[in-house]
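One structure is given below, encoded as structure tokens.
The values are calculated or read from the model by the stated rules, or taken from the named source; none is laboratory data. Note that the structure is predicted; figures quoted are calculated from it, not measured. Please note: Cβ atoms are built from the backbone with ideal geometry, for glycine as well, and neighbour counts cover all protein chains shown.
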Amino acid sequence: MDLIPTAIPAVVRVVAPRFGDDRGFFSETFRSEWFPGIDFVQDNHSSSAKAGTVRGLHFQAPPTAQDKLVRVSRGAILDVAVDIRVGSPTYGRHVVVPLSADNWEQLLVPKGFAHGFVTTEPDTEVLYKVSDYYSSEDDRGILWSDPDLGIDWGVAPEAATLSDHDAANPPFADLPEYFTFEGA
């Protein structure tokens, strides 16, 4: 297993080996020892029928903030993480990482980041582990298409499929200070 930092070092690509033969393949996709200090407590699974489906940008505010480990079991996505840690040298910046069933990569998105993705293939399934349970009271979001963030989602806003909830998320400029950068 390889851990590869992205342009924002706190967000890490995770590449687990996959061993194949004429029957198919086998892969260990998670071992707790790979992520010391993170206790994943819940698994989530989403299915999106259409390419161009946007989910995000989401995060949970403290005290139920979540680390996320994201992977794709079918199809493909562009996975997005936005740094919302006040005082961070990368505050307001983002990374976009292609994840797919074919490339078999995962993305570790730590607390202090808003997360979202857009499907680039139909019938895409995304699985992710989180380090705290879902809390509707702490559920927050940022407008996915906010021009101040400058994210290239690969889909025009009028062509995207998204929930009413995600369409109503506030812009980044209105985001309260939920997280503070703790240093390198």
Looking only at the range 129-167, which residues are buried (at least 18 other Cβ atoms within 10 Å of the Cβ), over 21 Å from Asn44 (Cβ atoms) and either out of contact with any strand residue (DSSP E or B) (no Cβ under 9 Å at 6 or more places or on another chain) or among the acidic types (Asp, Glu) (or both)?
Asp146
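Just to verify a result, which residue in the range 122-136, among those that are assigned to a loop (DSSP other than H, G, I, E, B) and either in contact (Cβ under 8 Å) with a residue 12 or more places away in the chain or at positive phi (or both), is nearest to the chain's Cα centre (by Cα)?
Looking only at the range 122-136, we keep the residues that are assigned to a loop (DSSP other than H, G, I, E, B), and these are 122-123, 131-136.
Still in the list and also either in contact (Cβ under 8 Å) with a residue 12 or more places away in the chain or at positive phi (or both): 122-123, 131-135.
Details: Pro122: 19, Asp123: 18, Ser131: 13, Asp132: 15, Tyr133: 16, Tyr134: 15, Ser135: 17 Å.
In this case the residue turns out to be Ser131.
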Cβ pairs under 7 Å, 6+ apart or interchain, first in the range 1-26 and more than 28 Å from Gly92 (Cβ to Cβ) and touching a residue at least 24 places away in the same chain (Cβ under 8 Å), second surrounded by fewer than 16 Cβ atoms within 10 Å (Cβ to Cβ) and of a type in the set (A, V, I, L, M), ordered by first then second residue, are Met1/Val15; Ala16/Met1
Checking Ser131, Ser163, Ser135, Ser145 in turn, the sole residue that is touching an Asp or Glu at 6+ places or on another chain (Cβ under 8 Å), at pLDDT 95 or above and of a type in the set (S, T, N, Q) turns out to be Ser131
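Looking at Asp146, Asp174, which one is acidic (Asp, Glu) and in contact (Cβ under 8 Å) with a residue 12 or more places away in the chain? Before you say what the answer is, go through the steps one by one.
Working: Asp174 fails: in contact (Cβ under 8 Å) with a residue 12 or more places away in the chain.
Testing whether each residue is acidic (Asp, Glu) and in contact (Cβ under 8 Å) with a residue 12 or more places away in the chain leaves just Asp146.
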Matching residues, the range 140-155, being in a strand (DSSP E or B) and in contact with a helix residue (DSSP H, G or I) (Cβ under 9 Å, 6 or more places away or on another chain)
Gly141
